[in-house]
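Here is the structure we will look at, set down as structure tokens.
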Amino acid sequence: MRATIKYRIQIEEGIKRTQKNFEDEVRSILTDKRSWPINFIQDQDNYDFVINLSKAKTITNICNFKGLSCSDSLKKQIYINNYRWINGSKPSKHNIKDYRRYAIQHEVFHQLGFGHSQPVKGEKVAISVQQTISIGEAKKNCWPLPWEIEWVNKKWNQN
Ligand SMILES: [Zn+2]
């Protein structure tokens, strides 16, 4: 059976995007059959982690680096970089829709307890790679690879 994990959505004040618009996009990514094998449910009151849409400057202050989204597993917070949400990332080779898929799933993977991996030449790049920076000589990809799905199943979906 699939584990159920609940998340809350927050948009930082001053960002011009409606709550519903961001909620809809996140939901369509996390409930896609190609995404993590977890039953993700949005719940604004009872939740396991928070997905924040944050200003780039806020992320620099909180996570201490520039230009990326980040995830704090101890505080159970994901900070999606609004600049990237709008502009994507050239090195990732994704169009904006696929970049958003990558970004959400990458940060959620951290909340599930996993770290980074490296791109493998000639193969589809994993979600756990920091694709915003570079996908090396791998092929672009915005969905979890079979081995990543297996890791999640082993950790979260036993019995
Ligand atoms: Zn990461």
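Would you please list the contacts, defined by Cβ atoms under 8 Å and residues six or more apart or on different chains, that run from a residue in the range 75-95 that is under 20 Å from CYS63 (Cα atoms) to a residue that is assigned to a strand (DSSP E or B) and of a type in the set (Phe, Trp, Tyr)?
Close Cβ pairs (under 8 Å, with a partner that is assigned to a strand (DSSP E or B) and of a type in the set (Phe, Trp, Tyr)) amount to LYS76/PHE49; GLN77/PHE49; ILE78/PHE49.
Return yes or no: is ALA126 of a type in the set (Gly, Ala, Ser), in contact (Cβ under 8 Å) with a residue 24 or more places away in the chain and under 23 Å from TYR79 (Cα atoms)?
Working: of a type in the set (Gly, Ala, Ser): yes; in contact (Cβ under 8 Å) with a residue 24 or more places away in the chain: no; under 23 Å from TYR79 (Cα atoms): yes.
So ALA126 fails the test.
Look at the range 69-108 and say how many of its residues are of a type in the set (Lys, Arg), under 17 Å from LYS16 (Cα atoms) and in contact with a Cys (Cβ under 8 Å, 6 or more places away or on another chain).
Residues in the range 69-108 being of a type in the set (Lys, Arg), under 17 Å from LYS16 (Cα atoms) and in contact with a Cys (Cβ under 8 Å, 6 or more places away or on another chain): 0 in total.
Residues that are at pLDDT 95 or above: which strands (runs of 3 or more DSSP E) entirely in the range 38-147 hold 1 or more of them?
Working: elements: 39-42, 49-54, 70-72, 77-81.
Result: 39-42, 49-54, 77-81.
Against the definition (more than 16 Å from the ligand (Cβ to nearest atom), surrounded by fewer than 16 Cβ atoms within 10 Å (Cβ to Cβ), within 26 Å of VAL50 (Cβ to Cβ) and of a type outside the set (D, E, K, R)), how does ILE133 come out, yes or no?
Working: more than 16 Å from the ligand (Cβ to nearest atom): no; surrounded by fewer than 16 Cβ atoms within 10 Å (Cβ to Cβ): yes; within 26 Å of VAL50 (Cβ to Cβ): yes; of a type outside the set (D, E, K, R): yes.
Answer is no for this residue.
Within the range 8-18, can one find any residue that is touching a residue at least 40 places away in the same chain (Cβ under 8 Å) and among the hydroxyl-bearing types (Ser, Thr, Tyr)? Explain how you work it out, then say what you get.
Restricting attention to the range 8-18, the residues satisfying the condition of being touching a residue at least 40 places away in the same chain (Cβ under 8 Å) are 8-12, 14-15, 17.
Subset that is among the hydroxyl-bearing types (Ser, Thr, Tyr): none.
Looking for residues that are touching a residue at least 40 places away in the same chain (Cβ under 8 Å) and among the hydroxyl-bearing types (Ser, Thr, Tyr), one finds none in the range 8-18, hence no.
Take the residues in the range 42-78 that are aromatic (Phe, Trp, Tyr) and within 18 Å of GLY113 (Cβ to Cβ); name whichever of them is surrounded by the most Cβ atoms within 10 Å (Cβ to Cβ). Walk me through how you get there before you give the answer.
Our first condition is that a residue be aromatic (Phe, Trp, Tyr); within the range 42-78, this holds for 47, 49, 65.
Next, only the ones that are within 18 Å of GLY113 (Cβ to Cβ) stay: 47, 49.
Values: TYR47: 16, PHE49: 21.
Selected residue: PHE49.
Just checking, does the range 59-80 include any residue being under 23 Å from ARG34 (Cα atoms), of a type outside the set (Ser, Thr, Tyr) and more than 11 Å from the ligand (Cβ to nearest atom)?
Taking the range 59-80 and keeping what is under 23 Å from ARG34 (Cα atoms), we get 69-71, 78-80.
With the extra rule that they be of a type outside the set (Ser, Thr, Tyr), the set shrinks to 70, 78, 80.
From what's left, more than 11 Å from the ligand (Cβ to nearest atom): 80.
Among the residues of the range 59-80, at least one is under 23 Å from ARG34 (Cα atoms), of a type outside the set (Ser, Thr, Tyr) and more than 11 Å from the ligand (Cβ to nearest atom), which makes the answer yes.
What's the total number of residues in the range 105-123 that are farther than 21 Å from ASP72 by Cα and of a type in the set (D, E, K, R)? Spell out the reasoning first.
Of all residues in the range 105-123, those farther than 21 Å from ASP72 by Cα come to 119-123.
Pick out the ones that are also of a type in the set (D, E, K, R) and you get 121, 123.
Count: 2.
Determine whether the range 107-123 contains at least one residue that is over 24 Å from ILE149 (Cβ atoms) and either more than 16 Å from the ligand (Cβ to nearest atom) or without any contact (Cβ under 8 Å) to a residue 12 or more places away in the chain (or both).
Looking only at the range 107-123, we keep the residues that are over 24 Å from ILE149 (Cβ atoms), and these are none.
Checking the range 107-123: not a single residue is over 24 Å from ILE149 (Cβ atoms) and either more than 16 Å from the ligand (Cβ to nearest atom) or without any contact (Cβ under 8 Å) to a residue 12 or more places away in the chain (or both).
The values are calculated or read from the model by the stated rules, or taken from the named source; none is laboratory data. Note that the structure is a prediction, hence the values are computed from the model and not measured. Quick reminder, even Gly has a Cβ in these numbers, built from the backbone with ideal geometry, and neighbours come from all protein chains shown.
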